[in-house]
Amino acid sequence: MPVTYADIAAAHERIKPHAVRTPVLSSAAIDAATGASVLFKCENLQNMGAFKFRGAYNALSQLSKEEKSRGVIAFSSGNHAQAVALAGRMLGIKTLIVMPADAPKVKLEGTRSYGAEIVLYGKDESREAVAEKLRKERNLVLIPPFNHPHIIAGQGTAAKELLEETGPLDLLLVPCGGAGLLSGCAIAWAWLPEEKATTPRWACSGFN
């Protein structure tokens, strides 16, 4: 199912009461070094410390009543794990997270602190296979970390907020892991008119 700007706008309204509208900050030192006006969308100040909360809350909040009663499963080494766990706690949905046995302790503790059950897997195991086995056994709903339309739309709300504050930019820099954030931000960016700002402005992410 293709994701549109309308999906991002709807996601923004859906998560707005629960997500932090993170600040857009600048740095005189970086501006001097680059010869441009560089703006940072500080998603490290988002709930649980990362943009992942946006997609997780958007996805979980759209589950049917029957799906919510079954609970969800996700696989992640840290940020998606915590995001799903926190969104699940806020929405009253049981969460099971498949995480690597060598995941950072702070990520494991953070995920548990939000009420999730954690199942660990070893280096010789596939996280997708472990999650799929558990999903079938427990009849859970899978919430993948990036390749899901509701996740992408939720992550795109970060760029929507940024562009609402800055107006058109000459360049938008977005980190790419699984590309859920990049996909959502690209859709939000493409929707804007093509006018350029009068002075060079770059947007970098504090997206974690």
- 222 nm [θ] for the chain, helices only, -39500 (n - 2.57) per DSSP H run of 4+, per residue, to 500? -14000 deg cm²/dmol
- Quick shape check on segment 118-170: root eigenvalues a ≥ b ≥ c of the Cα gyration tensor, a/c under 1.5 is rounded, otherwise prolate if a/b tops b/c, else oblate, and it reads prolate
- Any residue on another chain or 5+ positions along whose placed amide H is under 5 Å from the amide H of LEU39 is listed here as TRP202, ALA203, CYS204
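Of the heavy-atom accessible surface of segment 47-103 (probe 1.4 angstrom), what whole percent is carbon and sulfur?
Values: 800 of 1750 Å².
In segment 47-103, the share of accessible area belonging to carbon and sulfur is 46 percent.
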- Query: If the cut-off is a Cα-Cα distance under 18 Å, which lysines reach LYS136, setting aside same-chain residues fewer than 8 apart in sequence?
  - Reply: LYS68, LYS94
- Message: Limiting things to C-alpha atoms, what are the Rg and the maximum Cα-Cα separation (Dmax) for the chain, in angstroms?
- Response: 17.8, 58
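Might you report the magnitude of the Cβ-based charge dipole of the chain about its Cα centre, with Lys and Arg at +1 and Asp and Glu at -1, to the nearest 20 debye?
Values: 23 positive and 20 negative charges, 146 e Å.
The dipole magnitude comes to about 700 debye.
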- How large is ³J(HN,Hα) for each residue in segment 78-87, as worked out from phi by the Karplus curve 6.51 cos²θ - 1.76 cosθ + 1.60 (θ = phi - 60°), to whole Hz, x for Gly and Pro? x, 6, 5, 4, 5, 5, 5, 4, 5, 4
- Pairwise label distance in nanometres, ARG138 with LYS16, each label 7 Å out on the Cα-Cβ vector: 3.4 nm
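Find the accessible area per residue for segment 38-104; the probe is 1.4 Å, ligands and nucleic acids are left out, and the unit is Å².
Details: 2090 Å² over 67 residues.
I get 31 Å² per residue for this part.
What percentage of the solvent-accessible surface of segment 124-194, computed with a 1.4 Å probe over protein heavy atoms, is contributed by carbon and sulfur atoms? Each step should come with its number before you reach the end.
Details: 1870 of 3370 Å².
The computed percentage sits at 55.
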- From the backbone phi of segment 2-19, what are the Karplus-calculated ³J(HN,Hα) couplings (6.51 cos²θ - 1.76 cosθ + 1.60, θ = phi - 60°) in whole Hz, Gly and Pro given as x? x, 9, 10, 4, 4, 5, 5, 4, 5, 4, 4, 5, 5, 8, 3, x, 10, 8
- Item | Selected from TRP189, LEU162, HIS150, residue furthest toward positive end of dipole (segment 106-196; charges at beta carbon) | HIS150
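The values are calculated or read from the model by the stated rules, or taken from the named source; none is laboratory data. Everything numeric here is computed off the predicted structure, so don't read it as measured data. Glycine gets a Cβ as well: all are built from the backbone with ideal geometry, and neighbour counts include every protein chain shown. Note: accessible area is taken over every heavy atom of the protein model, side chains too, but ligands, DNA and RNA are not part of it. Shrake-Rupley method; radii C 1.70, N 1.55, O 1.52, S 1.80 Å.
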